[in-house]
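First comes the structure, then the notes that go with it.
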Amino acid sequence: MVTIGRIWLVVCAALSTSMYAQEQLPIMVMVKDFLHSPGMLEEFGVPPGLNVRDMVELGIYPLGIIVKNNTDQTLILSKESFALPPVNVELVAPQLHRHTMLSPSLAFDSFMTAATTGWIIGQLDVPLLLGNRWGQWSRLAIGGGVGLLYYARGYGRNTHITRWLQKVSDAQSREMSRVLLPHSQMSMFVLLNRATYLGSFPLVLRTFPENELYTMMRISLTEYDIDRLCMELHNSKMPDVVKRELGKEIDRLRDMSSASPEAPTIRTYIDWVLSLPWSVYAQETTSLPNVRDFLNKEHYGLEQVKERILDILAMRMRNQEAPPPIICLVGPPGTGKTSLARSIATSLGRPFERISVGGVDDEATIRGHRRTYIGAIPGRFISAIKKAEVANPVILIDEIDKMGSRNSDAARAALLEMLDHEQNSTFEDHYLGVPFDFSQVLFITTANTIQSIPEALVDRMEIIQLSSYTVQEKVEIARTYLWPRALHKVAIEPIELIIDDDIIHLLVTRYTHEAGIRELDRLITTICMKAARALLDKQVITQITQDMLVDYLGPWRTGYDEVQKTDAIGVVNGLSTDASGGFAAPVQITLMPGTGKLILTGKLGKMIEESANIAISYARAHAQQLHISDTLYNEVDVHIHMPVAGIHKDGPSAGITIAAALISACTKREARCCYAMTGEIDLPGHVLPIGGLKDKVLAAARHGITHIIAPRANKIDFEAFKDLVPDMTFVWAESIDQVLDAVLVK
């Protein structure tokens, strides 16, 4: 038998006040549970013969509802505002209708009852007024009469009860308005079926005083709705170990007083566990061509990135049981990492959730708080699973390279457990205290640079590099995606305002200096907003011109002046990368009278300082070969400077640039400004390979540089993107002598 709580459940609804209403209008709704207090049936006019337990066994659960109006106004409970769940007694409990009409079975039952009663009385020695002659027949007649009377009485009682229940059912099923006078109450007898009784039913009240006020209440039949929780636990697909633990918590809540401060905490925990999608999985697409078409539609270029993603997804589609790989998209800001992850989720048909871990240094953010703390909540990953409503969504872990450094070892360890396929199938959130299976989640991470990611995490991820966009790619993206989207924002049709590729090219080369397209998107949106403003001022605009570009965005603010544009002594253009992509900047060296001191400026790191010392040692060791005076370094100080001092510069790729600028300053030979270079040097003068060649080359192309010097070992990397820079000349150097022969004017 279902266990239900106390008799009374009082739900007080405080009607929200509005700018017209100055006071609250309280309405008291009380629910009486006859199952545990059947003696109160008489208050609602129930016939004396009604047995509540018998009704429950037949599938009908009776309730009593009392609505009190404590206001001074007449309230109208209309069929739209006050709804009771209809119930058909004949369908729910057909046993109640077996005595409402005469049938062959009823006649047989009546005869058998009369015969049995008459035979029993006939065996008794009862003195009769009619004497012994009629004694036996009189006993039988009296016995039969008593039996028939007894049966007729029961038949009449059952008929009366059935008719009364049918009357209640008809009144409950009719949708009619009810008037509730001031300071009065209304009593109603309600019939429910089992499902409605266990799950509770909604009761909506709307009052109509001078101004309409609304409120909605959920009437729960138990204080904590224990029976519904038990039913949800029984129907859940969670593992047995989780069911046992949650069952213990439900039992604790059942035995706990409502005044206990721990009760709301336990109820919140139970709701969290029941709301998780245990063993609920989204149906994943198995058509690789559809995924390919969607990625090509949503993203221009990035061919190698798309191919790598399709390879990974093909493996997943072939073997659904295999753990999905962890994809790490590494590239400068604005290159489409987040949007690409969202497109992957959409193409696969999985829900998409994003979690940013930038600056996170608290383990509880990943693993959740322990329930011993007040206000404890689960971690972000459990919250993402609950929001996705499936156990296999696509979860994007954004900015994984920017996790906080203070006390972040525990947070990184928790993230490592989440991403490790050997551990995440039994990941245990501190708040839940039970394991949850994350093995079918497709994790995608993003980062601007791989150097800041712990090696243990890098070892578990598939690294996919996203490089800078070329000028041609930016023009195509702006024309195909950014311009139509900006026009849509300001409600301008594409045929009403046109922009040519030449203007977009000018916008890209003269107003932006970035690896991605975010600044380009902002500038295009600005142009559309100013054009919309001009149209509202009755100006006629059909096409964006160069003059309008300058008028809307101001003078050209190109970054071309950051590189050396003329041949000079001691100045060589270098190439490097940072979290924002590749950039080009000159290395400037000047010699001053002194004592051989080395001065480094421009916010340089330890690696560049080491490269400078190696370059000086090489020049001194080969002074005679390079025609440098042996006493030069005892009489001068060397000052090495890299402009854009606000950016921290470090890394193993500036060695040949510093060496070439130093030898140019020592030999008074000019360095050609059309060259830019990248590469490291060792003491014998070998040119060592570097990373990020594509970003560096594209940065040089943005600055108008036509010649690149790079390590020969990196020539294989150039094959992957050589079509992007067909007009650029390369010198693949193995030693510093090749670099000097190319860059220094003879």
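Of all positions in the range 330-353, at least one carries a residue that is touching a strand residue (DSSP E or B) at 6+ places or on another chain (Cβ under 9 Å), assigned to a strand (DSSP E or B) and more than 18 Å from T449 (Cβ to Cβ). Looking only at residues of the range 404-463 that are acidic (D, E) and under 30 Å from R267 (Cα atoms), we find that the one that is surrounded by the fewest Cβ atoms within 10 Å (Cβ to Cβ) is E428.
Screening the candidates A391, A384 for the property of being crowded, with 17+ Cβ neighbours inside 10 Å and outside any helix (DSSP H, G or I) yields one hit, A391. Condition check: modelled with pLDDT of 90 or more and surrounded by 10 or more Cβ atoms within 10 Å (Cβ to Cβ). Does L274 satisfy that? So L274 passes the test. Out of everything in the range 689-707 that is part of a loop (DSSP other than H, G, I, E, B) and within 39 Å of the chain's Cα centre (by Cα), what residue ends up being modelled with the highest pLDDT? Checked the range 689-707; the qualifying residue modelled with the highest pLDDT is I690. Could you please let me know if R510 is part of a helix (DSSP H, G or I), charged (D, E, K, R) and without any contact (Cβ under 8 Å) to a residue 24 or more places away in the chain? So R510 does not fit the description; no.
For the range 686-705, give me each residue that is surrounded by 24 or more Cβ atoms within 10 Å (Cβ to Cβ) and either without any contact (Cβ under 8 Å) to a residue 12 or more places away in the chain or farther than 20 Å from G516 by Cα (or both). Scanning the range 686-705 gives V687, I690. The set of residues in the range 504-545 being farther than 30 Å from S467 by Cβ and either buried (at least 21 other Cβ atoms within 10 Å of the Cβ) or among the polar types (S, T, N, Q) (or both) consists of A531, Q539, T542, Q543, T545. Does A486 qualify as being touching an Asp or Glu at 6+ places or on another chain (Cβ under 9 Å) and modelled with pLDDT under 90? Considered against the rule, which asks whether it is touching an Asp or Glu at 6+ places or on another chain (Cβ under 9 Å) and modelled with pLDDT under 90, A486 comes out as no. Looking only at the range 164-185, residues that are within 24 Å of G59 (Cβ to Cβ) and touching a residue at least 12 places away in the same chain (Cβ under 8 Å) come to 8 in all. Candidates are the residues of the range 230-264 that are surrounded by 14 or more Cβ atoms within 10 Å (Cβ to Cβ) and β-branched (V, I, T); the one that is farthest from P435 (Cα to Cα) is I250. Can you find a residue that is of a type in the set (G, A, S), touching a residue at least 40 places away in the same chain (Cβ under 8 Å) and at positive phi anywhere in the range 372-381? No: the range 372-381 contains no residue that is of a type in the set (G, A, S), touching a residue at least 40 places away in the same chain (Cβ under 8 Å) and at positive phi.
Every condition in (1) out of contact with any strand residue (DSSP E or B) (no Cβ under 8 Å at 6 or more places or on another chain); (2) part of a loop (DSSP other than H, G, I, E, B); (3) not polar (S, T, N, Q) holds for G516 except the one numbered (1). Here M548 passes the criteria (1) closer than 30 Å to P711 by Cα; (2) free of Cβ contacts under 8 Å to residues at least 40 places away in the same chain; (3) surrounded by 15 or more Cβ atoms within 10 Å (Cβ to Cβ) except the one numbered (1). Selection of the range 495-519 for residues being hydrophobic (A, V, I, L, M, F, W, C) and either out of contact with any Pro (no Cβ under 8 Å at 6 or more places or on another chain) or closer than 16 Å to G554 by Cβ (or both) yields I495, L497, I498, I499, I503, I504, L506, L507, V508, I517. Of everything in the range 395-420 that is among the charged types (D, E, K, R) and part of a helix (DSSP H, G or I), the residue that is modelled with the lowest pLDDT is D409. Tallying residues that are in a loop (DSSP other than H, G, I, E, B), touching a residue at least 40 places away in the same chain (Cβ under 8 Å) and surrounded by fewer than 24 Cβ atoms within 10 Å (Cβ to Cβ) within the range 662-678 yields 4. Only one of the listed residues (Q423, Q465) is at pLDDT below 90 and within 24 Å of I309 (Cβ to Cβ). That residue is Q465. One residue alone among E496, E519 is modelled with pLDDT of 85 or more and closer than 18 Å to K337 by Cβ, and that residue is E519.
Hey, any hits in the range 448-462 for a residue that's of a type in the set (A, V, I, L, M, F, W, C), farther than 30 Å from R370 by Cα and not assigned by TED's automatic domain parsing to the domain that holds P726? Yes, the conditions are met somewhere in the range 448-462. Evaluation of L683 against the conditions (1) under 28 Å from L724 (Cα atoms); (2) at pLDDT 90 or above; (3) touching a helix residue (DSSP H, G or I) at 6+ places or on another chain (Cβ under 7 Å) shows that the sole unmet condition is (1). Find the residue count for the range 453-497, including only residues that are assigned to a loop (DSSP other than H, G, I, E, B), in contact (Cβ under 8 Å) with a residue 24 or more places away in the chain and among the β-branched types (V, I, T). So the count comes out to 4.
Only one of the listed residues (R206, R153, R228) is among the basic types (K, R), closer than 23 Å to E42 by Cβ and at pLDDT below 80. That residue is R153. Scanning the range 714-746 for residues that are in contact with a Lys or Arg (Cβ under 7 Å, 6 or more places away or on another chain) and part of a loop (DSSP other than H, G, I, E, B), we see that the one that is nearest to I681 (Cα to Cα) is E734. With respect to K306, is the statement that it is within 20 Å of I477 (Cβ to Cβ), crowded, with 22+ Cβ neighbours inside 10 Å and either of a type in the set (K, R) or at pLDDT below 85 (or both) true? Here the answer is no, as K306 does not meet what is asked.
A quick yes/no check of all residues on (1) out of contact with any helix residue (DSSP H, G or I) (no Cβ under 7 Å at 6 or more places or on another chain); (2) of a type in the set (S, T, N, Q):
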| residue | (1), (2) |
| --- | --- |
| E303 | yes, no |
| A314 | no, no |
| Q320 | yes, yes |
| P325 | no, no |
| L329 | no, no |
| G334 | no, no |
| R350 | yes, no |
| G358 | no, no |
| E363 | no, no |
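Can you name the residue in the range 36-51 that is modelled with pLDDT of 70 or more and more than 12 Å from F189 (Cβ to Cβ) and, of all such residues, is surrounded by the most Cβ atoms within 10 Å (Cβ to Cβ)? Checked the range 36-51; the qualifying residue surrounded by the most Cβ atoms within 10 Å (Cβ to Cβ) is N51.
The values are calculated or read from the model by the stated rules, or taken from the named source; none is laboratory data. Fair warning: this is a prediction, and the values are worked out from it, not measured in the lab. Using ideal geometry, Cβ is built from the backbone for each residue, glycine included, and neighbour counts are taken over all protein chains shown.
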